1. Out of (1) surrounded by fewer than 17 Cβ atoms within 10 Å (Cβ to Cβ); (2) farther than 25 Å from Y95 by Cβ; (3) polar (S, T, N, Q); (4) out of contact with any strand residue (DSSP E or B) (no Cβ under 6 Å at 6 or more places or on another chain), the odd one out for Q11 is which?
2. Of (1) on the phi < 0 side of the Ramachandran plot; (2) open to solvent by 20 Å² or more (accessible area, probe 1.4 Å); (3) more than 15 Å from the ligand (Cβ to nearest atom), R117 satisfies all except one. Which?
3. Is there any pair with a first residue in segment 138-155 that is under 19 Å from I37 (Cα atoms) and hydrophobic (A, V, I, L, M, F, W, C) and a second that is open to solvent by 50 Å² or more (accessible area, probe 1.4 Å) and more than 8 Å from the ligand (Cβ to nearest atom) whose Cβ atoms are under 9 Å apart and which are 6 or more apart or on different chains, and what are they?
4. Which residue pairs have Cβ atoms under 9 Å apart, sit 6 or more places apart or on different chains, and have a first residue in segment 6-22 that is aliphatic (A, V, I, L, M) and a second that is open to solvent by 90 Å² or more (accessible area, probe 1.4 Å)?
5. Check K100, K72 and return the single one that is over 21 Å from the mean Cα position of the chain (by Cα) and farther than 28 Å from F147 by Cβ.
6. Taking segment 46-80 as the search range and keeping residues that are in contact with a strand residue (DSSP E or B) (Cβ under 8 Å, 6 or more places away or on another chain) and either open to solvent by 30 Å² or more (accessible area, probe 1.4 Å) or part of a loop (DSSP other than H, G, I, E, B) (or both), which one is nearest to the ligand (Cβ to nearest atom)?
7. Starting from segment 33-46, take each residue that is closer than 22 Å to D146 by Cβ and list its partners that are in a loop (DSSP other than H, G, I, E, B) and open to solvent by 80 Å² or more (accessible area, probe 1.4 Å), counting only C-beta distances under 9 angstrom and pairs at least six apart or across chains.
8. Do we have Y95 as of a type in the set (S, T, Y), surrounded by 14 or more Cβ atoms within 10 Å (Cβ to Cβ), more than 25 Å from A255 (Cα to Cα) and out of contact with any helix residue (DSSP H, G or I) (no Cβ under 6 Å at 6 or more places or on another chain) here?
Amino acid sequence: MKIFKDRKNLQNEILNTKGISFVPTMGGLHKGHISLIKKSKKTKLKTLVSIFVNPKQFNEKKDFISYPRNQKKDLKILKNLKVDYLYLPSIKDIYSFKPKNKVFLDKFSKQLCGKYRKGHFPGVLNVVNRFLDIIKPKKLFMGKKDFQQLYLVKKHIIKRKINTKIVECETIREKNGVACSSRNYRLNLKHKKVASKIFHFLKKIKYKFNFINPNLLKKEIIKLGANKIDYIEFYNIRSFKRSKKLDKNNRIFIAYFLNNVRLIDNV
Ligand code: PAF
């Protein structure tokens, strides 16, 4: 695995490849990332993983500082997976140039997490736009746990006519049902049990009811042990409009806190 900290050196190297398949991460690698990387490795392209904890997408400094970082373990995982390239940029390397494309921010960015994390999606799109400019990947692998992020990146790519295909990957879950996330590293055993109960509760609701008032669910989820709920809403994943029913295309979207750890999921 070749490691690059400087975008120019990275660009010189990848210029001579048949194309790049890109998996962007903020480190704290888990089974979800590993699954994306394994899928990327199955393409005929070279796999490039980035690790960059992007300060611009954190609406709270405390959250940025406490975001799980474990570079030694991450490097070991990536080497074992035989990743071709790792890009480990500094803040300056990412933010000291003007990208060709302007960020396109679809109005869906104002809903769900966008309502509660001001500046989060502009920050995500800013960094992804820069990565696309530097790397020009043929394929970009992203997970459906961050559904809104995936949708917004897709809209940006279409609107700016960027020649990158997004490969949407299913959410990978722990054995207890909790969606894999770097933030899970900050949960203790008790919190993990609560997160698992919340997932199983939502799954049960989803298959038992065609509709239920989300406010009723809020109360139940607090009873199960969540400290705070930012939102629990139903959305149609085709139209990206709020929905009044629950089925394959109409999912429950949730963001809640266990202590001060914010978790999101869609079921
Ligand atoms: O999903 C993430 O880890 C981040 O939002 C991403 C896409 C790497 C951008 O910083």
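The values are calculated or read from the model by the stated rules, or taken from the named source; none is laboratory data. Everything numeric in this text was worked out from a predicted model, so none of it was measured. Here Cβ is always computed from backbone atoms with ideal geometry, including for glycine, and neighbour counts include all displayed protein chains. Protein only, heavy atoms only, side chains kept; ligands, DNA and RNA dropped before computing areas. Shrake-Rupley method; radii C 1.70, N 1.55, O 1.52, S 1.80 Å.
1. Looking at each condition in turn, Q11 falls short on (2).
2. Just one mismatch for R117, condition (3).
3. Matching pairs, first to second residue: L140/K165; F141/K39; F141/E168; M142/K154; M142/E168; F147/R251; L150/E168.
4. Once the first residue is aliphatic (A, V, I, L, M) and sits in segment 6-22, its partners that are open to solvent by 90 Å² or more (accessible area, probe 1.4 Å) give L10/K2; I14/K136; I20/K136; I20/K138.
5. Of the residues listed, the single one that is over 21 Å from the mean Cα position of the chain (by Cα) and farther than 28 Å from F147 by Cβ is K72.
6. F52
7. S35/E170; K41/K82; T43/K138
8. So Y95 passes the test.
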